[in-house]
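The values are calculated or read from the model by the stated rules, or taken from the named source; none is laboratory data. Note that the structure is predicted; figures quoted are calculated from it, not measured. In this analysis, Cβ positions are derived from the backbone assuming ideal geometry, glycine residues included, and neighbour counts consider all displayed protein chains. Note: accessible area is taken over every heavy atom of the protein model, side chains too, but ligands, DNA and RNA are not part of it. Shrake-Rupley method; radii C 1.70, N 1.55, O 1.52, S 1.80 Å.
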Amino acid sequence: MDFNNNDRLSPHDRQWCQALAFKEKYLESGFVEAVPGDNGRAQGVRSHLATRFSSGGSSSVSGSVSIEELTGRFRLKLARTDNTLYYGRKIQISGTARSGEGALQVYSHVDVDLWQLAAVFVDKPVRNQEPPEEGLILKGYLRTDVAPGAEQKFTAQLIAIGGDFYLLLAAPDGVARDISLTIDAP
């Protein structure tokens, strides 16, 4: 939405409206504050992945993963590095997920300040001022739901723990089987 063309709104109000519009989009896109379920496990994991770490640009992971059975919530390791320069790097992936049996959820970590994000999109941004209300900082996850037997596109921010990079998956019905993930090359 473009709030810049409304002369009745002050720059502060334009930025606030833009931040609220972004918040609505995040909530419609499956934002959740916490992931449900207990820690689970994955059996029969096979992968063919290519990882590229870059000091000047973005790091990436591409390839495919298959999982015979997933129970509960599970962190699937997609990349690893021993080089401490790359610890904690952000890696964004996109691809397609499919579950043969049972629903699957793919989670993407989100930590966004909607007030500051809105400042980028308005003509006269309000800087060095607190947001007008609570709730304009979202910390949590965007959830992509994959129905059994269907393919679903997803985008996810991997979770970095030291030199390991994980994709967070969950089987909301308890068990999902014959899962395939195709991760696109950047």
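Things to note:
- His12-Glu33 FRET efficiency (beta carbon distance; Förster radius 35 Å; 0.05 resolution): 0.80
- For the chain, the longest principal axis of the Cα atoms and the long axis of helix 11-28 meet at an angle of about 20 degrees.
- Region 30-115 - percent of accessible surface contributed by carbon and sulfur, probe 1.4 Å: 42 percent
- The Cα atoms of region 30-106 cover 40, 30, 22 Å along the three principal axes, with the biggest extent listed first.
- In order through region 175-183: 3J(HN,Hα) via Karplus (6.51 cos²θ - 1.76 cosθ + 1.60), integer Hz, x for Gly, Pro: 9, 10, 10, 6, 8, 10, 10, 10, 10
- Helix-only CD estimate at 222 nm, as mean residue ellipticity for the chain, using -39500 (n - 2.57) per DSSP H run (n ≥ 4): -4500 deg cm²/dmol
- Measuring against 24 Å, Cα to Cα, the residue pairs Lys25/Lys124; Lys25/Lys90; Lys23/Lys90; Lys124/Lys153 contain Lys124/Lys153 as the ones spanning a longer distance.
- Distance between modelled label sites at Val120 and Tyr26, nm, 7 Å Cα→Cβ extension: 1.3 nm
- The trypsin sites (Lys or Arg not before Pro) of region 11-64 include none that DSSP puts in a loop with a beta carbon having at most 12 other beta carbons within 10 Å.
- Heavy-atom surface of region 135-175, accessible at 1.4 Å and reported per residue (Å²): 43 Å²
- Theoretical gain in end-to-end length, Gln152 to Lys139 [0.36 nm per residue, Cα-Cα removed]: 2.3 nm
- Listed residue (Gln152, Val61, Leu104) projecting farthest to the positive dipole end of the chain, Cβ model: Val61
- Note, ³J(HN,Hα) from phi for region 90-105, Karplus 6.51, -1.76, 1.60, rounded to Hz, x at Gly and Pro: 8, 10, 9, 10, 9, x, 10, 10, 9, 10, x, 9, x, 5, 10, 10
- Cα centroids of region 97-116 and region 8-40: 15 Å apart.
- Rounded to the nearest 20 debye, the dipole magnitude of region 5-150 is 620 debye, with +1 charges on Lys and Arg beta carbons, -1 on Asp and Glu beta carbons, and the Cα centre as origin.
- Taking a ≥ b ≥ c as the square roots of the eigenvalues of the Cα gyration tensor, an a/c ratio of 1.5 or more together with a/b larger than b/c marks region 100-186 as prolate.
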